Structures are given as structure tokens and as C-alpha cells.
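All remarks here apply to the structure that follows.
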Amino acid sequence: MIAEATRSELARARIAEARSLLTECHLCAQHCGTDRLNGQLGVCRAGSTARIFSAQIEVSDELELLPVFAIALSGCNIHCDFCITGKYSWNAESGEVFSLKTLAQQAEAALASGVRSIMILGGEPTIHLPTALEIIAALPEAKLIWKTNAFATPQARELLDGLFDVWVADYKFGNDACAKRLSQASDYTSVVRENLLWAGEHSELIVRHLLMPGHIDCCWQPVAEWLGNMQVKVNLRSGFWLGPRAGKHHELRKPLTPDELNRAQEIAARYHLRLIQ
Ligand code: SF4
């Protein structure tokens, strides 16, 4: 576990630099270049003030991390059409402006009740990097997890170096065409792979992939093949649920079939993936 003092000091020392980056925002690979400190909005439509749409104990993440106190920041940068929390998580104005002191007290109480780790997530937390650093600086000692869609820039991720025990990162799409059709991410594959390689070298890494109906061959197959060379823990999720916008894609209107599930497992076995629950 990273010592609290070191982590708090590291995070605090980086807040000013992270905030200065909002004047021409390239925190994520959308590269909007907007001046968020002066009212301009990029793809994520987040200003300079972060809000939290949820801060609570959760039990739906990886078993080895549970129970987790999850701090969810509002706003997202890639807006996947199948997102089931998009109603709240996409809107950077949803939720509440919060007190760091109160949040730290909530985290303290959660840890006292038996929580094993604290997770910072979104939406996408990268878009609120200055606030994330403020939160980290204020949090009590605990196993700390960064839950991300891995669409950050080197500029952003380097400000996170040494702060997290675990990165839980999504690798959603196996090719750029599916990423572009189902989300707002361009150049998805190269950006995500670069971030996953970096995360694997700088912390423990767990990669998540949500199986999508009709996307076993085009998405899961290439994701699995690439992950097979990384020797990381992989959480293969089969609980696809039709999000509010997923219905505009014909293949997402039906559930995963037993055949698709079987083929997904065969692919995982073929590449000797370290599957976890
Ligand atoms: S965080 Fe990403 S999406 Fe948001 S303004 Fe910055 S570059 Fe654009």
C-alpha cells in the first residue's frame, strides 16, 4: 500500500499544475483545447467545478476490492450509447458540489465499517483531474483505486503516477470503427492500449471488458488477443443491459446468446487470460 503521507503530499503538490491545464484542456484524448476556467466547454461539457453524483459503499466491483467506497464524479468524455448510468454520469452538472472534509469523513466512516478500498470513478474522473487530486490529498489511508475508461492523455496520467494502488480500466471496443459508432471516441485503440500499457507498468491493473451482443468477433476477440500478451487480471463482464440509447443499434437490442457467451469463454481460454470475478 502507498503510504498516506507520500500520496497526500504528491497529490497536493500537483493540484495547481492540474488546474492550470484547464485553460487549454487536453486532459483526455478528445483534445478539445477549451479554456474551462473561463466558461468554454468541450466534449465532456465539464467546467472547472466538479460535482459528485454518488459517494457510497458499493459491492458490484471486483471481488478482491469489495466492499468499496466509490466516489463518482459527474461528467464523461466518450458517452457510450449502451451506458446504463448515462442519465446521471454524463451530465457534468448533475449531483452536488461537495465538501472535501465531509467526503473524507464519509470515507473514514466507510473504512471503519469494513470497507476495503476507496475508488474514484465517474462518469470519467480524468476530466476532473484537479478535483481528483484534491480528493486524494484529503482521503484517509486506504487502498486507492482509479476507475477509468483509459482515454486520458500522457499529460493527465503522469499527474496520477504513484497515487493509486490499482487501476481498473475499461477496454470496451476491439476496433476504432465500433468505438466511433457506439461512442464519441476516435483513435480509440491506440489511445487505450497506450494507457493500459502505462497503467500496467505504474500500478496493479485490472482490465474490464463488457461483452456486447453482436460484438464477440469484432470487439472481444481482438481485445482478448492483445490482453493475452499483457498478463493482467481481466474481468470479463457478461451482464449487458440495454441502456437508454443502445436501442438505436440493431445488434444491441437483444441479449447475449448462450452461443456468444460460450465463444467468449473459448476466446478467453485461447489467450490464457487471467480471468477474475
Ligand atoms: S477533459 Fe477531455 S472532453 Fe473534457 S474538455 Fe478536456 S479534452 Fe475535452
### Task
Only residues that are more than 8 Å from the ligand (Cβ to nearest atom), free of Cβ contacts under 8 Å to residues at least 12 places away in the same chain and either on the phi > 0 side of the Ramachandran plot or of a type in the set (A, V, I, L, M, F, W, C) (or both): list them for segment 4-50, please.
Ala5, Ala13, Ala16, Gly39
### Query
Among the residues of segment 53-75, is there at least one that is within 16 Å of the ligand (Cβ to nearest atom), surrounded by 21 or more Cβ atoms within 10 Å (Cβ to Cβ) and among the hydroxyl-bearing types (Ser, Thr, Tyr)?
yes
### Task
Could you tell me whether Pro130 is in contact (Cβ under 8 Å) with a residue 40 or more places away in the chain and within 13 Å of the ligand (Cβ to nearest atom)?
yes
### Conditions (1) free of Cβ contacts under 8 Å to residues at least 24 places away in the same chain; (2) closer than 25 Å to Gly33 by Cα; number of the one not met by Ala156
(1)
### Query
Among Leu261, Leu242, Leu197, Leu252, which is at pLDDT below 95, assigned to a helix (DSSP H, G or I) and hydrophobic (A, V, I, L, M, F, W, C)?
Leu252
### Message
For segment 187-214, which positions are open to solvent by 10 Å² or more (accessible area, probe 1.4 Å) and farther than 27 Å from Leu144 by Cβ?
### Response
Asp187, Thr189, Ser190, Gly214
### Message
For segment 95-126, which positions are of a type in the set (D, E, K, R), under 23 Å from Cys83 (Cβ atoms) and either free of Cβ contacts under 8 Å to residues at least 60 places away in the same chain or more than 16 Å from the ligand (Cβ to nearest atom) (or both)?
### Response
Glu96
### Message
Quick check on segment 14-37. Is at least one of its residues surrounded by fewer than 16 Cβ atoms within 10 Å (Cβ to Cβ), in a helix (DSSP H, G or I) and in contact with an Asp or Glu (Cβ under 9 Å, 6 or more places away or on another chain)?
### Response
yes
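The values are calculated or read from the model by the stated rules, or taken from the named source; none is laboratory data. Computed from a prediction, not measured in an experiment: that's the story for all the values here. Glycine gets a Cβ as well: all are built from the backbone with ideal geometry, and neighbour counts include every protein chain shown. For accessibility, only protein heavy atoms count, side chains too; no ligands or nucleic acids. Shrake-Rupley method; radii C 1.70, N 1.55, O 1.52, S 1.80 Å.
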